[in-house]
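Please treat every number below as a calculation from the coordinates, not as lab data. Because the structure is a prediction, the values reported are computed rather than measured. For neighbour counting, all protein chains shown are included, and Cβ atoms are generated from backbone atoms with ideal geometry for every residue, glycine included.
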Amino acid sequence: MNNNRYSAAKLESAERVSNLEDAQRSGDSQFRLVYNRFRKNRLGCIGFFLVCIFIFTSLFAPFFAPYDYVDQDFQTSYLPPQKIHFFDQDGHFHLRPFTYKHKKIMDPETFVFSYQEDKSQSYYLKFFIQGFSYKLAGLLPAQVHLFGVDAPGAIFLFGTDAHGRDLLSRIIYGGRISISVSLLGALVTGIVGTIIGAVSGYYSGVVDIFLQRFVELVQCFPQLALWMVLSVAFPPTWPPLYILYGIVGIFSLLSWPLLAREVRGKVLSYRKAEFVLAAEVLGVNDFVIILRHIIPHVISHIIVALTIAIPSMILAESTLSFLGLGIRPPMVSWGRLLKDAQSLQTLDQHPWIMIPGVFIVLAVMAFNFLGDGLRDAIDPYSQ
């Protein structure tokens, strides 16, 4: 009987060694396994694709924007989204798309202005066209834009706002601010939460008790109310860039406790691991043990937690800016653009002003899909 058990155990051990050798020969590293699992998640891949588009567009916003986001023209105030045509008024097909000039007319009864296409003047859509000057990625001077039309024509694919500013250009520039605030907030949150969670989980005892009570104290504050109070406290003389950094600090101030708790739990699970005990016996410094031996095992969970936390920061920034407590002019964000849609009369007459809300929804969904996909790919127990 004992011989049979010994043979079975020996056979099972041999199979494990064989499987391990096969995995090593095929190059199935941890990264490869996570990548293969993530690739099978369609929603995760869609989220990753959309996130890459948002980040890439934000980095090169002046190139993708046909006009400067501060350019005003009250002659085109509340111009509806323009149509792209391939057939002219005579029914002839044109391979190159074009737009018609719009003329402003007033209803003699209601005295309400509206726009009508002037089909006597058309402007062809061109790619890589010269426009206003800017610095590509903040470094290289350039004047080339992805698309546009020759002057005196204009193209407003998403229409204009009350000041005649191109809504598409403002959405592109606004995305750069909204996504930058959320990414910077997530970065600061990751650093603070990881440090406090790692120290709390590694030292335990009195240090753990003190830090966890501090975490609970921070979590007791109502986030939205405190965000509003702190944002109002910004001096009105501060430049917009300081306001941006202040908002990042506000978001990070109240977002790190949840991450700290998750990191603490992971560090506790590795605290008594053999490789950690071996490092302690060899006299390795505590800081080095945490940084080089424990954090690498926790970093994947930190990335997933921050990816899932980014959407809440996008929504928080949009909420504050919508209430007039966030980004201040001349900077623009998606929430700031939605502030123009507070009036029901404006929404009824100019519904395209709500288009920035669509991008908020897409960005939040994209980061949620990406976070869920990464979580499922890293979790060894998920199917």
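If you plug the beta carbon distance of PHE113 and PHE214 into 1/(1 + (r/R0)^6) with R0 = 51 Å, you get a FRET efficiency near 0.30.
Given a Förster distance of 22 angstrom, what is the FRET efficiency for PHE132 paired with ALA162, based on the Cβ-Cβ distance and rounded to 0.05? Provide the component values of the computation, followed by the final result.
Working: r = 21 Å, r/R0 = 0.97.
Here the calculated transfer efficiency is 0.55.
Please build a GNM for the chain, connecting alpha carbons under 10 Å apart, and tell me which residue among THR307, THR110, THR76 fluctuates the most. Per the Cα network of the chain with a 10 Å cutoff, THR110 tops the list.
Once the convex hull of all Cα atoms in the range 134-246 is built, its volume per residue stands at 193 Å³. Protection proxy ranking of 281-291, 314-324, by the mean of other Cβ atoms within 10 Å over each peptide's residues and highest first, is 314-324, 281-291.
Taking 7 Å steps out from each Cα toward its Cβ at LEU323 and ILE84 produces label points 3.9 nm apart. Amide H to amide H, with H built 1.01 Å from N, PHE147 comes under 5 Å of PHE128, ILE129, counting only residues 5 or more places away or on other chains. Peptide packing for 249-255, 121-127 was compared via the average number of neighbouring C-beta atoms within 10 Å per residue; ordered from the highest value, the list is 249-255, 121-127. Packing around the peptides 228-236, 298-306, taken as the average count of other Cβ atoms within 10 Å per residue, puts them in this order, highest first: 298-306, 228-236.
Spatially close Lys pairs in the chain, defined by Cα atoms under 19 Å apart and a spacing of eight or more places or different chains, total 9.
Suppose only helical runs count, i.e. DSSP H with n ≥ 4. What mean residue ellipticity at 222 nm does that imply for the chain under -39500 (n - 2.57) per run, divided by all residues and rounded to the nearest 500 deg cm²/dmol?
On the way: 13 runs with 221 residues, N = 383.
That calculation yields -19500 deg cm²/dmol at 222 nm.
Between the listed residues GLY175, VAL229, LEU217, the Cα displaced farthest toward the positive end of the dipole of the chain, a dipole computed from Cβ unit charges relative to the Cα centre, is found at LEU217. An oblate overall shape is assigned to the range 81-163, the ratio a/c of its alpha-carbon gyration tensor axes (a ≥ b ≥ c) being 1.5 or greater and a/b not exceeding b/c. Applying 1/(1 + (r/R0)^6) with r as the Cβ-Cβ distance of SER120 and GLN143 and R0 = 25 angstrom yields a FRET efficiency of 0.25.
Rounded, prolate or oblate: which fits the range 272-356, taking a ≥ b ≥ c as square roots of the Cα gyration tensor eigenvalues, rounded meaning a/c under 1.5, else prolate when a/b beats b/c? Before the final figure, lay out each step's value.
Values: a/c = 6.72, a/b = 4.13, b/c = 1.63.
Note, shape of the range 272-356 comes out prolate.
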